[in-house]
1. What value in Å³ per residue do you get for the convex hull of the alpha-carbon atoms in the stretch 88-150?
2. Checking the table 60/182; 60/82; 182/224; 94/188; 60/94; 142/182 against a 25 Å threshold on Cα-Cα, which pairs fail?
3. How many nm separate the modelled label positions at residue 145 and residue 178, each set 7 Å beyond the Cα in the direction of the Cβ?
4. Can you compute the FRET efficiency between residue 108 and residue 61 using 1/(1 + (r/R0)^6), with r the Cβ-Cβ distance and R0 = 25 Å? Round to the nearest 0.05.
5. Quick one: if you stick a label point 7 Å off each Cα along the C-beta vector at residue 38 and residue 52, how many nm between them?
6. With the cut-off at 1.5 for a/c, could you classify the stretch 55-193 from its C-alpha gyration tensor as rounded, prolate or oblate?
7. Using a Förster distance of 35 angstrom, determine the FRET efficiency expected from the C-beta separation of residue 29 and residue 153, and round it to 0.05.
Amino acid sequence: MKKNLFFCYYFFSFLFVSSQTYHSILLDHPEWHLTSCNNGCVTDIYSLSGDTVYNNQTYKVLDGFHYISKTFWLREEEAEKKVYMSYEMNFERKEVLLYDFSMLEGDTINISNPIAPFISNPGPFIVDSIEYIILDNGSSRKVMFLSSIATVNENPVWIEGIGSLSLINAPGGTPNINGAGKLSCFFKNGSLIYSQLDSIVSCSSILGDINENKKTDKKRLIKKIDLLGKQSTKSNQLNFYIYDNGRVEKRISIKN
């Protein structure tokens, strides 16, 4: 009996401590792997590439297929458990609150989906419930389930330290594999933190791949093809780079 009581005490103490410790989204080289299956499943990878300063605020630059312009910037107020996004619209730079992980069940928030495939300003959302899950790395994280109390039909899901299970800049979007997409994998420092592989077999970290390639240094480019499978020498478009070790990379090379 004492053993069971000790286990219960330890378990709930663990959850309490985990709930009190805020997990940063932007630290330790995060990678978001978003999968959509409208016409075959495609996984796009988003990450951070450096810092920038604007109006005396330091931001992380969001990078990846949808954010290749490098004009989407994120900053985090860890003490407040809030994440903000700065972006350009109509030649002006704006900033909006993306996430507030300090909220409790029943709290409301006015959500913005800046330049996302959802309504930009869908109005107020309510936190329906909060749960704690154990992630792939064994850590406990807060999961917040929200719903609109306006006219939009969206049910976003946020995970502390990760963000929306839809696009990172769509805190008001429902994760939908057949729509705008759903988070399949999330990495920190090349290590898997979260995975939901219901539509793909696996995913690997680009940081882990870079580190592995640095170790082996045996990757040689065989050919570059476009979306139609034809040999490509063009830049400023999506191309697939095929290497002799079997790897295929999808990227856009920008040339002025």
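1. Dividing the Cα hull volume of the stretch 88-150 by its residue count gives 119 Å³.
2. 182/224; 94/188
3. Between residue 145 and residue 178, the label points sit 2.1 nm apart.
4. 0.25
5. 2.6
6. Rounded, because the longest to shortest axis ratio a/c is under 1.5.
7. E(calc), rounded to 0.05, equals 0.50.
All of the numbers you see were taken from the coordinates with simple rules; none came from a lab. No experiment lies behind these values; they were computed from the predicted model shown. With ideal geometry, Cβ positions are generated from the backbone for all residues, glycine too; neighbour counts draw on all protein chains shown.
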